[in-house]
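Participant: Have a look at this one.
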């Protein structure tokens, strides 16, 4: 993907947060309200894991995954109203949420070479957005992928609130199972990146007492206030 030399750099909104914090749905809705693009970085890790599984690569030894980066024909929709994920010609938007992918993606995502390769991809996608700005969400967006973003937010909530929200999404799972999944994922990911504590210059937005619409409004207000301060610099 080539970037026109005269293209104005987009406003970048970087959002991090733990599992169940609502960062994906909130980020997408905020992007829609702002008329910005939207990038779900977690989808890339899932799509990469899916592609490795499809190719029969032995993921008992995750280091085997690194070579797969050389042949990873990935595409993602950054329009919040037309989201899709493809690997080659295959639409994997739903497939990357399958349990078999969830079971292995954490092992892939912890590999430094994989994170470096996908971070480079994310930066190309960010620069290539056709919108005035883009909301980028994930685990290390505010510190690694886009540390110079105009707006950086850590979206968090209490463990009880996150468990409750995820339980509603996964109605076929018990609260105990959902809680263990959240704790397990957070524990695994925290070995790679600190997504529970805001880095310097990152605003913490606690949504424990906020509903979905209130959280979206809070994010949009932060973006508008921050970009207004920058423009009046």
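The values are calculated or read from the model by the stated rules, or taken from the named source; none is laboratory data. It should be emphasised that the depicted structure is a prediction, and the values quoted were computed from it without experimental measurement. Positions of Cβ are generated from backbone atoms using ideal geometry, with glycine treated the same way; all protein chains shown enter the neighbour counts.
Participant: For the list (1) over 15 Å from the mean Cα position of the chain (by Cα); (2) within 24 Å of residue 146 (Cβ to Cβ); (3) buried (at least 16 other Cβ atoms within 10 Å of the Cβ), I need the number of the one condition that residue 80 fails.
Facilitator: That leaves (1) as the condition not met.
Participant: Kindly indicate which of 178, 193, 136, 151 is closer than 18 Å to residue 24 by Cβ, modelled with pLDDT under 60 and buried (at least 20 other Cβ atoms within 10 Å of the Cβ).
Facilitator: 178
Participant: Give me a count of the residues in region 104-142 that are farther than 21 Å from residue 49 by Cα and under 13 Å from the mean Cα position of the chain (by Cα).
Facilitator: 4
Participant: In a helix (DSSP H, G or I) and closer than 23 Å to residue 26 by Cα: is that true of residue 106 in this structure?
Facilitator: yes
Participant: Can I ask one more? Is one or more of the residues making up region 69-84 within 19 Å of residue 12 (Cβ to Cβ), outside any helix (DSSP H, G or I) and out of contact with any helix residue (DSSP H, G or I) (no Cβ under 8 Å at 6 or more places or on another chain)?
Facilitator: yes
Participant: Still on this model: Say we look at region 198-233 and pick out the residues that are at pLDDT 90 or above and assigned to a loop (DSSP other than H, G, I, E, B); which of these is farthest from residue 20 (Cα to Cα)?
Facilitator: Applying the filter and picking the extreme gives 202.
Participant: For residues that are under 19 Å from the mean Cα position of the chain (by Cα) and exposed (fewer than 15 other Cβ atoms within 10 Å of the Cβ), tally how many sit in region 204-214.
Facilitator: Number satisfying all stated conditions: 2.
Participant: Going by the conditions given, is residue 96 within 17 Å of the chain's Cα centre (by Cα), assigned to a helix (DSSP H, G or I) and under 18 Å from residue 25 (Cα atoms)?
Facilitator: Against the criterion (within 17 Å of the chain's Cα centre (by Cα), assigned to a helix (DSSP H, G or I) and under 18 Å from residue 25 (Cα atoms)), residue 96 qualifies.
Participant: Just a yes or no: is a residue in region 84-92 touching a residue at least 40 places away in the same chain (Cβ under 8 Å), under 30 Å from residue 202 (Cβ atoms) and under 19 Å from the mean Cα position of the chain (by Cα)?
Facilitator: Checked region 84-92: at least one residue is touching a residue at least 40 places away in the same chain (Cβ under 8 Å), under 30 Å from residue 202 (Cβ atoms) and under 19 Å from the mean Cα position of the chain (by Cα).
Each row is one residue, and each column tells you yes or no for (1) at pLDDT 95 or above; (2) under 30 Å from residue 225 (Cα atoms); (3) in contact with a strand residue (DSSP E or B) (Cβ under 7 Å, 6 or more places away or on another chain).
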{"position": "76", "(1), (2), (3)": "yes, yes, yes"}
{"position": "87", "(1), (2), (3)": "yes, no, yes"}
{"position": "96", "(1), (2), (3)": "yes, no, yes"}
{"position": "158", "(1), (2), (3)": "no, yes, no"}
{"position": "161", "(1), (2), (3)": "no, yes, no"}
{"position": "167", "(1), (2), (3)": "no, no, no"}
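Participant: Can you tell me which residue in region 20-48 is surrounded by the fewest Cβ atoms within 10 Å (Cβ to Cβ), limited to those that are modelled with pLDDT under 95 and over 18 Å from residue 145 (Cβ atoms)?
Facilitator: Ranking the candidates gives 25 first.
Participant: Got a sec? Which of 129, 119, 102, 156 is closer than 28 Å to residue 208 by Cα and surrounded by 15 or more Cβ atoms within 10 Å (Cβ to Cβ)?
Facilitator: Being closer than 28 Å to residue 208 by Cα and surrounded by 15 or more Cβ atoms within 10 Å (Cβ to Cβ) holds for just one of 129, 119, 102, 156, which is 156.
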